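Data first, discussion second: the structure below is written as structure tokens.
The values are calculated or read from the model by the stated rules, or taken from the named source; none is laboratory data. Keep in mind the model is a prediction, meaning the values are calculated, not measured. Cβ sites come from the backbone with ideal geometry, for glycine too, and all protein chains shown count toward neighbours.
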Amino acid sequence: MYIEKINSPEDLKNLGTKEMEVLSQEIRNALIFRLSKHGGHLAPNLGMVEATIALHYVFNSPVDKIVFDVSHQCYVHKMLTGRKDAYLKEECFEDVSGYSNPDESEHDFFTIGHTSTSVSLACGLARARDLKGGNENIIAVIGDGSLSGGEALEGLDFAGEANSNLIIVVNDNDMSIAENHGGLYKNLKMLRESRGASECNIFKAMGLDYLFVEDGNNLSQLISAFEKVKDSKKPVVVHIVTQKGKGYIPAQENRELWHWCMPFDEKTGRSLLETSDDYEDYGTITRDYLLEKMAKDKTVCAITSATPAVFGFSEDIRKQAGKQFVDVGIAEEHAVAMASAMAKGGAKPFYGVYSSFVQRTYDQISQDLCINNNAVTIAVFAASVYGMNDITHLGIYDIPMLSNIPNLVYIAPTNKSDYLAVLDWAMEQTQHPVAIRVPLDTSDNEQVKKDFSVLNKYEVTQNGKDIAIIALGSFYSVGKKAAEIIEKTTGITPTLINPYYITGIDKELLESLKADHKTVVTIEDGILDGGFGEKISRFYGNSEVKTLNFGLKKEFLDRYNVDDVLKANHLTPKQIAEDTIKLNG
């Protein structure tokens, strides 16, 4: 095997084209081996095998610097830069992350997990090189729909004014996570069909030189193209047409499904974590609600920014929804601003987004949505320590971000019944922009009778004395278990409160607790700094009531074990009970 002998990019330079073609297949086998057991981004990396080999064959990494956008296309790069064992040996799987990582290798320059950043980062490296009088090549790799992101367009626009070496490799596989959307991709299609000859060329319009590679999975074509642009003195785009999922039939036939995968059977492609037909999660729950709502009300519109699966909208469901579904591509900022205007125009927009990605929308939520106070419903998914656990995809920073924007109502339901009741209220009311922190628990409870239009009214679910536990959203169950331990240990029955509202406090209830409670405890599934608990502590700041806030400390966690993180932050019911008993005296 050739792959076993590749310890750095220098080892590639002794291989001929035929040998590198064999290496390409070995790399694909390694990708399928690791991802079938570990999960990860399969289809994007399968399509980038030859391009990555050609890049490292032609350029001199790490002197020449390659920046991967999103970096879910960097697995092959990792194999060629001394990290192949993480793809060949199961015991080494956890040695590398799913994204570029400077802590792993001198060939990685940034930790990157969010989209559309590589061109801007490459511009910065190029400017630093020019200031220092260097002459190395700077290469940005971008693809999988990332060009639609605002930062990518800003980077391209700036790059066109550069007067020095900057090479932008556009990996065009005619896909985002799902299908591409937007006029920019119509131009890419035009360029593909004309073999790069179309006079309508967005890259040239931005002042960039342009080179087209018809077969981006052909090593000879790629090497020839990269040799032409190596050491260029002007910014240039190399537009390569690749096949997403190349080399694995299931991934080629369903590129959307295989963009990212859980462990699967190599031979059949079937997930090893397959669920029954009646399996329910908040994707399917939201999908079913929206479809029913759409059928009754033609003004309802579901919006996604390139992740339709987050609320269960597979390709067939998208077709069923028709014009009541909009995918704006990787453009979260546009999604929020457009939704605000849709609400202003009398529509009922629903925007579903992962917590990690809603971070990119802060300005639009504040300026375009909340200042204008338009009735948009935003469902924030995977907002939990139990959500995605890569350092670039943390879902635990939404509460400090969203709960401090004026006019926004941020609500944390605890289970399916709560969620559907909040969702229906949010979609029908016209007074507020509403964000919903999608919970974890999919169980039902009794019919929800709460009037959510009476803002910031908490629910007392258990009356007690001396100790009050205010447990937010998905961690309401943690508070309930802690209360049970406290009662069993001390004989004191704590008051248990489901606050629902993250953006405001129930002053009347909190004031009433002063009469017969010495300690008030808050529990939240997110960062403490700027979070929910601090609002409660601030209310009691000038009183005799003691407060204790349980949540997560402010840090960038990476590939963490949830149980370990909960214990480190004293977020288990037993620890919460022990700390509360100690404080209460």
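Can you confirm whether segment 413-431 contains a residue that is within 25 Å of LYS553 (Cα to Cα), outside the structural domain of ILE177 (by TED's automatic domain parsing), surrounded by 20 or more Cβ atoms within 10 Å (Cβ to Cβ) and in contact (Cβ under 8 Å) with a residue 40 or more places away in the chain? Checked segment 413-431: at least one residue is within 25 Å of LYS553 (Cα to Cα), outside the structural domain of ILE177 (by TED's automatic domain parsing), surrounded by 20 or more Cβ atoms within 10 Å (Cβ to Cβ) and in contact (Cβ under 8 Å) with a residue 40 or more places away in the chain.
To keep it simple, each residue is scored yes or no on (1) out of contact with any helix residue (DSSP H, G or I) (no Cβ under 8 Å at 6 or more places or on another chain); (2) surrounded by fewer than 17 Cβ atoms within 10 Å (Cβ to Cβ).
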| position | (1), (2) |
| --- | --- |
| VAL434 | no, no |
| ASP444 | no, yes |
| LYS450 | no, yes |
| LEU455 | yes, yes |
| TYR458 | no, no |
| ASN463 | yes, yes |
| ILE485 | no, no |
| THR489 | no, yes |
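In the set (1) buried (at least 24 other Cβ atoms within 10 Å of the Cβ); (2) at pLDDT below 95; (3) touching a strand residue (DSSP E or B) at 6+ places or on another chain (Cβ under 8 Å), the condition left unmet by ALA51 is number (2).
Assess whether ALA122 counts as being in the same structural domain as ALA205 (by TED's automatic domain parsing) and surrounded by 24 or more Cβ atoms within 10 Å (Cβ to Cβ). Talk me through it step by step, then tell me what you get.
Details: in the same structural domain as ALA205 (by TED's automatic domain parsing): yes; surrounded by 24 or more Cβ atoms within 10 Å (Cβ to Cβ): yes.
When the stated conditions are applied, ALA122 passes them.
When GLU193 is tested against the conditions (1) charged (D, E, K, R); (2) over 30 Å from the mean Cα position of the chain (by Cα); (3) closer than 22 Å to ILE223 by Cβ, the lone failure is (3).
Summed over segment 78-128, the residues that are closer than 15 Å to HIS38 by Cα and either in contact with a Leu (Cβ under 6 Å, 6 or more places away or on another chain) or among the aliphatic types (A, V, I, L, M) (or both) give a count of 3.
Against the condition buried (at least 20 other Cβ atoms within 10 Å of the Cβ) and within 20 Å of SER384 (Cβ to Cβ), how does GLY526 come out, does it pass? When the stated conditions are applied, GLY526 passes them.
Among ILE223, ILE168, which is the only one that is under 30 Å from the mean Cα position of the chain (by Cα) and of a type in the set (A, V, I, L, M, F, W, C)? Answer to the check: ILE168.
Among the criteria (1) over 26 Å from the mean Cα position of the chain (by Cα); (2) outside any loop (DSSP other than H, G, I, E, B); (3) among the small types (Gly, Ala, Ser), the one SER453 does not fulfil is (2). The condition of being crowded, with 22+ Cβ neighbours inside 10 Å and more than 22 Å from VAL434 (Cα to Cα) holds for only one of LEU548, LEU552, LEU509, that being LEU552.
Quick check on VAL63: is it surrounded by 24 or more Cβ atoms within 10 Å (Cβ to Cβ) and not assigned by TED's automatic domain parsing to the domain that holds ILE391? Judged against the criteria, VAL63 is not a match. Restricting attention to segment 130-164 and to residues that are free of Cβ contacts under 8 Å to residues at least 24 places away in the same chain and of a type outside the set (A, V, I, L, M, F, W, C), the residue that is nearest to THR242 (Cα to Cα) turns out to be GLY134. Considering every residue within segment 365-388, establish whether at least one is touching a residue at least 40 places away in the same chain (Cβ under 8 Å), of a type in the set (Phe, Trp, Tyr) and under 24 Å from ALA321 (Cα atoms). Taking every residue of segment 365-388 in turn, at least one turns out to be touching a residue at least 40 places away in the same chain (Cβ under 8 Å), of a type in the set (Phe, Trp, Tyr) and under 24 Å from ALA321 (Cα atoms).
Selection of segment 118-134 for residues being in contact with a Ser or Thr (Cβ under 9 Å, 6 or more places away or on another chain) and farther than 24 Å from SER146 by Cβ yields only ASP130.
Kindly provide the set of residues from segment 118-138 that are in contact with a Lys or Arg (Cβ under 7 Å, 6 or more places away or on another chain) and aliphatic (A, V, I, L, M), ordered by number.
Kept after step one, since they are in contact with a Lys or Arg (Cβ under 7 Å, 6 or more places away or on another chain), are these residues of segment 118-138: 125, 136-138.
Scanning segment 118-138 gives LEU125, ILE138.
The C-beta contact set for segment 311-337 (first residue in the same structural domain as LEU369 (by TED's automatic domain parsing), second residue aromatic (Phe, Trp, Tyr), distance under 6 angstrom, 6+ apart or interchain) comprises ARG318/PHE325; GLU332/PHE357; ALA335/TYR351.
Conditions (1) under 25 Å from LYS450 (Cα atoms); (2) crowded, with 16+ Cβ neighbours inside 10 Å; (3) within 30 Å of the chain's Cα centre (by Cα), marked per residue:
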residue: LEU513; (1), (2), (3): yes, yes, no
residue: LYS567; (1), (2), (3): no, no, yes
residue: GLN575; (1), (2), (3): no, yes, no
residue: GLU578; (1), (2), (3): no, yes, no
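Look at ASP69 and say whether it is under 23 Å from ILE168 (Cβ atoms), acidic (Asp, Glu) and under 27 Å from the mean Cα position of the chain (by Cα). Yes.
Restricting the search to helices (runs of 4 or more DSSP H) fully inside segment 301-378 and requiring at least 2 residues that are basic (Lys, Arg) gives 315-321.
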